[in-house]
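Notes to accompany the following structure.
Where a number appears in this text, it was derived from the coordinates with a stated rule and is not lab data. None of these values were measured; they are calculated from a predicted model. When we count neighbours, we look across all protein chains shown, and the Cβ atoms used for this are built from the backbone with ideal geometry, even at glycine.
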Amino acid sequence: MMKKEKRRKNIFADKASLVLRKMLQNPTKKWVVRDFIGENGVSLGLAQGVLEELTRQGFAERLRQGPKSYTLLINRKELIDAWLRQYRFEFNEVDVYYSPEKDILSRIKSLLDKKNYVLTLHSGANLITSYVATENIYFYFNTKHWEQDIRDLRQKLDLKELVRGGNIHIIRPYYKKSFLFDSQLIKGFHVVSSLQLYLDLFHFQPRGREHAQYLEETLKNKGQKP
């Protein structure tokens, strides 16, 4: 009787990606399983499974030194490239509305806080790069009561629902547990991590890949990485 093959972890799934995000945040660290558990972390089993799968796929290396064993991330770029093959911004659900107000982004900021919104795509990246001129605003909205809270937000901001199009894109996150990881405050606005900006932009149209590459170069010049 053939031995059943062990099911492989999807390392790019929502909770599993918390391990990746943490490792990419500090790519030279010597990682052990307990680094990923605890408050806002993952379970022991999930952390162990993700580290094993990263090693199996060649993105990480397991250094065995008895009780002092650890895992190193060895192929950072290849890991992000593999992630890009698995992820599209379109996995998120987006509600689109219209506002004619020029200061609508400031009004959104005044109504919501970090727990409720983070900018992404060109809206977030432009705060770092000022690269793509656009009137469209994209932000993740974090709520357990989507219909009610969207309705309240629309009323407070006087957002219109058009037959087609709009300039306010409110995103229900695909990565429900991890989209806020390493989010940043830039010029007074809450923005997803540079890594999430890069992932969201890369396959996005229009001009997403172009902006992702410019963002990467801009961060590199500052001694940072997405």
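Quick notes on this one:
- The loop-placed trypsin sites (Lys or Arg not before Pro) in the range 31-91, going by DSSP, that have at most 15 neighbouring Cβ atoms within 10 Å of their Cβ come out as R64, K68, R88.
- Taking N as the residue count of the chain, its C-alpha radius of gyration divided by 2.2 N^0.38 Å amounts to 1.12.
- Placing unit charges on the Cβ atoms of the charged side chains and taking the dipole of the chain about its Cα centre, the candidate lying farthest along the positive direction among S17, L72, I150 is L72.
- At most 15 other Cβ within 10 Å, DSSP loop - trypsin sites (Lys or Arg not before Pro), the range 153-194: R164, K176, K177, K187
- The alpha carbons of the range 89-221 occupy a box of 42, 29, 28 Å along the principal axes, longest dimension given first.
- About the Cα centre, charge dipole magnitude for the range 148-193 (Lys/Arg +1, Asp/Glu -1 at Cβ), debye: 100
- Pairs of C-alpha atoms in the range 16-80 farther apart than 21 Å represent 13 percent of all such pairs.
- When its C-alpha radius of gyration is set against 2.2 N^0.38 Å (N residues), the range 48-117 gives a value of 1.89.
- With 0.36 nm allotted per residue and the present C-alpha distance subtracted, the K115-H203 stretch has 29.0 nm of extension available.
- Extended-chain gain in nm, criterion 0.36 nm per residue less alpha-carbon gap, K177 and D103: 23.6 nm
- Here the extension length gained between R76 and Q213 equals 47.7 nm, from 0.36 nm per residue of separation less the Cα-Cα distance.
- For the range 38-159, dividing the convex hull volume of the Cα atoms by the residue count gives 173 Å³ per residue.
- Charge dipole (debye, nearest 20) of the chain; +1 at Cβ of Lys and Arg, -1 at Cβ of Asp and Glu: 1060
- For the pair the range 98-162 / the range 192-226, the C-alpha centres are spaced 20 Å from each other.
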